[in-house]
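Only the coordinates and a few stated rules stand behind these numbers; no lab work does. Since the model is a prediction, treat every value here as computed from it, not as a measurement. Don't worry about glycine lacking a Cβ; one is built from the backbone with ideal geometry, like all the others, and counts go over all protein chains shown.
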Amino acid sequence: MSSNLIGDENVFIGHGLQKDWRTSKMGYEFDRNSDIWKIDGSITINFGRAQNMDKATLDGLRKALSRYAEELSADTTNNVLGRLIEYHSCTGERNVSVNGLTKWRTSLADNTEYKLGALKGFFIAWNEWGFPGVDNNVIDYLDELKLKGNEKGKAVSRLCPYSGPFTHLELGALLDWISNAFIKKIINLTQYAYFVTLAFTGRRPVQIRALRACDLACKEDAEGIDYILMCPRAKQRGTGFRETFRALAINEDLYLLLDNQAAASQSCVEHILGKRLPPKVREQIPVFLALDRIREIPDIEHLVACLNETPDYLHISSSGACDILQDISKKNMARSERTGEFINFTARRFRYTKGTNLARKGITGVALAYAFDHSDTQQINVYTENTEEMADQIDEVMAPVLAPLAQAFAGTLIGSECDALRANDPHSRVKNDKSHAIGNCGMHAFCASGYRACYTCINFQAWCDAPHEEVRDEILNERSTQQQLGISPNVIQATDRLLLAVEHVIILCKRMRSERNSEGTNG
């Protein structure tokens, strides 16, 4: 094929397609329409190995795998393609089908089923992103599978780390990371609000996209304050957009976050129209806006007509919501303690996690279906993976092994207080329960969280020679006492991530001291 556009870097490539430049997680640019992707210093993706797949599947594969390359490590991306080639070689299938997956699974031994587990997560994401090649019947089949993990010891093999529910450590890692990213303005308010709403409610994206300012309610009585989210229902026969609702109790943090996001959307509309909106119109403004469509509205009269006649038009679209998650995922640095990898998240995984956590607390049957906004109990088990293993909390032996994988410590390790951002401010010094200094706070605002919260805070500057072991021992003793008193494992698990963060600091300190001693010896 020839073209007079040869030499135009933005238009022509060998396939006659426009170049589509993307950036991998490690910062390498690659052209999605090329057969060769250089995605880190040592790994190159070669699509020549996948040329026997049919056109629609190959097109979807390029799109889905490029998102993996943007959001996850080069190793993970390369391994997924390798598993897919293995699937093709074993089955001879030119597409992704239930028949092919069944055939491949039959060929796998117990200790190699993890290969399908890794692909399961990729296929579910592929389908959720709306790319061609993975149909809903494939997802229904995968949802029913219970696959054995890649055995690395009981602590890291629980459930599927690629497509199943998050462990409480993984969910904590994601929430810690995104909170710190919001504070540092790495992500914006809309991204933060959408992500946290998915994580806390377990609702479908279509329900979150349908929210309006009027859906937030706060009721105060003698017993305290209740925060309510009137969540629009979805997938109900015979009902249209925002015609039926179900009340959902939420905590104050989520209420305030959504209230701020709603206020930001209202201000945005008023800024575009150049007028203050009447109160009744303000409360009908979508919490998550379709900004491009809002800019088409010339005045308040047209705004009201649009909200009434085409009520979903000004709400963020499905693709817009997907873009929000993709933007977050590209920046995400939270890692799984099971794989040591960046955590791959989809809206479905948050829903799985909500269901599993509720089931672990004994909520089943009709009550679980109600919590998930189902009209019956037929499909509710799809969203739960409840095992005793998942309830295991981290112990003293597991902590040093899992800490480097989870990377729960979000701050910075410094040699001494001289290296601190606020070295000259005695108020920045952080002390443990024994009044021993363990580091400095790099934040200038007031914080009442307590010194233990510092270990998962991005502003903490831990000292290399500080007695962090005292904090670890304090946590372990506290957990041991709780266990002896018969306190719920769910309560004990609340300090798992803190324990891993402190353990990670201890490991980093030992490494820094060793390097320092080595340099001194060589000098």
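Overall form of the range 207-340: oblate. Here a/c, set by the Cα gyration tensor axes a ≥ b ≥ c, is 1.5 or more, and a/b is not larger than b/c.
Give the Debye-formula value of log10 I(q)/I(0) at each listed q (0.16 Å⁻¹), with one equal scatterer per alpha carbon of the range 393-522, two decimals each. With one equal scatterer per Cα and no solvent, log10 I(q)/I(0) is -0.81. At a temperature of 25 °C and a viscosity of 0.890 mPa s, determine how fast the chain diffuses translationally according to Stokes-Einstein, using the Kirkwood radius over alpha-carbon pairs as Rh; express D in µm²/s, rounded to the nearest whole number. In µm²/s, the coefficient rounds to 95. Across the range 210-219, rounded Karplus estimates of 3J(HN,Hα) from the backbone phi angles (6.51 cos²θ - 1.76 cosθ + 1.60, θ = phi - 60°) give 8, 5, 10, 4, 5, 7, 8, 9, 9, 10 Hz, Gly and Pro being marked x. Phi angles of the range 464-480 translate, via the Karplus equation with coefficients 6.51, -1.76, 1.60 and θ = phi - 60°, into HN-Hα couplings of 5, 9, 7, x, 5, 4, 5, 5, 4, 5, 4, 5, 5, 5, 4, 5, 5 Hz per residue; Gly and Pro are given as x. Remark: the range 412-417, residue by residue, has Karplus-estimated 3J(HN,Hα) of 10, 8, 10, x, 6, 4 Hz, where x stands for each Gly or Pro and the curve is 6.51 cos²θ - 1.76 cosθ + 1.60 at θ = phi - 60°. The residues 245, 30, 288, when put in order of fewest to most other Cβ atoms within 10 Å, stand as 245, 30, 288. Of the trypsin sites (Lys or Arg not before Pro) found in the range 211-271, the ones in coil according to DSSP and having at most 12 other Cβ atoms within 10 Å of their Cβ are 235, 237.
Assigning unit charges at the beta carbon (Lys, Arg +1; Asp, Glu -1) and nothing else, what dipole magnitude in debye, to the nearest 20, does the chain show about its Cα centre? Walk me through the numbers before you get to the answer.
Details: 61 positive and 67 negative charges, 127 e Å.
It works out to roughly 620 debye.
Under a 5 Å amide H cut-off, with hydrogens placed 1.01 Å from N, residue 315 pairs with 290 among residues at least 5 apart or on other chains.
Here's how it looks for residue 245: its modeled amide H is under 5 Å from those of 233, which are all 5 or more places away or on a different chain.
Pull out the extension gain between residue 273 and residue 444, defined as 0.36 nm times the separation in residues minus the alpha carbon to alpha carbon distance; nm, one decimal.
On the way: separation 171, 0.36 × 171 = 61.56 nm, distance 3.76 nm.
Extending this stretch completely gives an extra 57.8 nm.
Protection proxy ranking for 255-263, 511-519, 348-356, using the average of other Cβ atoms within 10 Å per residue and placing the highest first: 348-356, 255-263, 511-519. By the count of neighbouring beta-carbon atoms within 10 Å, fewest first, 206, 397 end up ordered 397, 206.
How big is the charge dipole of the range 59-135 about its Cα centre, in debye rounded to the nearest 20, if each Lys and Arg gets +1 on its Cβ and each Asp and Glu gets -1 on its Cβ?
Numbers: 9 positive and 10 negative charges, 35 e Å.
Computed about the Cα centre, the dipole is about 160 debye.
Report, in cubic angstrom per residue, the convex hull volume of the C-alpha atoms of the range 21-151. Spell out each step's value before the answer.
Numbers: hull volume 13.3 nm³, N = 131.
Hull volume normalised by residue count: 102 Å³.
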